[in-house]
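Here the structure is laid out as structure tokens; the discussion comes afterwards.
Quick note: the coordinates plus some simple rules give every number you see, no bench work behind them. Only a predicted model underlies this, so the values are computations on that prediction, with no experimental measurement involved. Because the Cβ atoms are built from the backbone with ideal geometry, glycine has one as well, and the counts that use them run over all protein chains shown.
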Amino acid sequence: MAGFCDTSTFVSGDSIFSAHVTGNFIVFAAQLIVGKEENAWIKLLTFPIFIIVVMTGGWIAKRSGNKYRVLLIESMLLLLCGAIALVNSTLSRPNAGPTVYCMVMIVVAAMGLQNAFGKLYAKETHGPTTMMTGNVTQAALDLGSLIGRSAGTEQKLNLRKQLYLIGGFLLGCLMGAVISKFVGLISIAVPAVTMMIYYRTAQQNHPAGNK
């Protein structure tokens with residue numbers, strides 16, 4: 001879902017990363033140096049929004065008896081973005097301007113909640129789900145041990161988990177790129193529904209939600 005959202009907002013949201021928000025620093029600097037500084041500063045807004053939402057996600061997790069509530073709110077934010085994009089498209093408005101930036105920032109907020117969930121409840125995931133550099137590094141270390149025949153059972157299991165994460169992220173990127181190319185940010189409805197399904201499944205498997 002993070003790979004999907006990140007690519008969708010980059011392709012259809014003025015080259016803004018919604019999951020890898022620090023990547024927006026690079027895009028901002030690059031646009032400045034090539035003379036495309038118009039609206040480039042908006043990319044810097046993703047950083048404070050991301051931080052504020054992560055803090056809010058931590059607060060919600062502490063106050064709520066259901067840890068999956070954070071993911072429910074994430075899915076609602078993504079669904080909101082998809083709905084706004086659909087209305088925007090219906091009104092035949094161009095895919096640029098304040099409305100698009102607003103939609104992108106909503107997705108940034110959703111990704112902030114997913115990051116917060118991953119940090120607060122690390123056992124629920126195989127690792128970071130929005131940033132792959134650390135996962136690739138760990139996978140490379142485990143692969144090196146496997147090639148050197150010094151890998152234990154735990155390292156083999158970790159390598160498998162990292163491959164799930166990396167492969168899933170790549171698949172999300174490909175899907176996000178293809179779908180957003182044709183429907184723009186309406187594509188965000190796909191991860192919104194996916195997260196909602198995951199939330200319902202998690203609730204059924206863990207009714208208490210706080211263990």
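Counting other C-beta atoms within 10 Å, which of S89, S8 has the fewest, and how do the rest follow?
Least crowded to most crowded, the residues run S89, S8.
Cα axis of helix 23-33 to longest principal axis of the chain: angle in degrees, 0 to 90, nearest 10?
40
Note the count of lysine pairs whose C-alpha atoms are less than 25 angstrom apart in the chain, limited to pairs 8 or more residues apart or on different chains.
Lysine pairs satisfying the spacing and distance rule in the chain number 17.
Which FRET efficiency value, to the nearest 0.05, do you get for L44 and L163 by plugging their Cβ-Cβ distance into 1/(1 + (r/R0)^6) with R0 = 35 Å?
Efficiency, rounded to the nearest 0.05: 0.55.
Sorting F182, F4 on the 10 Å Cβ count, fewest up front, what's the list?
Fewest-to-most Cβ neighbours within 10 Å comes out as F182, F4.
Could you compute how fast the chain diffuses translationally, taking Rh as the Kirkwood radius over C-alpha pairs and applying Stokes-Einstein at 20 °C with viscosity 1.002 mPa s? Give it in µm² per second.
After rounding, the answer is 119 µm²/s.
Does anyone have the angle between helix 69-90 and the longest principal axis of the chain? Alpha-carbon axes, 0 to 90°, nearest 10?
Helix 69-90 sits at roughly 30 degrees to that axis.
For a protection proxy built on the mean count of beta-carbon atoms within 10 angstrom, sort 140-147, 53-60, 79-86 highest first, please.
Highest-to-lowest ranking by the protection proxy: 79-86, 53-60, 140-147.
If I fit a long axis through the Cα atoms of helix 2-12 and take the longest principal axis of the Cα atoms of the chain, what angle between them do I get, 0 to 90°, rounded to 10?
Rounded to the nearest ten degrees, it is 20.
From the helices alone, meaning DSSP H stretches of at least four residues, give me the mean residue ellipticity at 222 nm for the chain, per-run term -39500 (n - 2.57), in deg cm²/dmol to the nearest 500.
Helix-only estimate at 222 nm: -24000 deg cm²/dmol.
Apply the Karplus parameterisation 6.51 cos²θ - 1.76 cosθ + 1.60, with θ equal to phi minus 60°, to every residue of the stretch 189-195 and state each ³J(HN,Hα) to the nearest whole Hz, in sequence, with x for glycine and proline.
Karplus-based 3J(HN,Hα) across the stretch 189-195 equals 5, 5, x, 4, 5, 4, 5 Hz.
Once you have the Cα-Cα distance between Q204 and I52, take 0.36 nm times their residue separation minus that, and quote the gain in nm to one decimal.
51.7 nm
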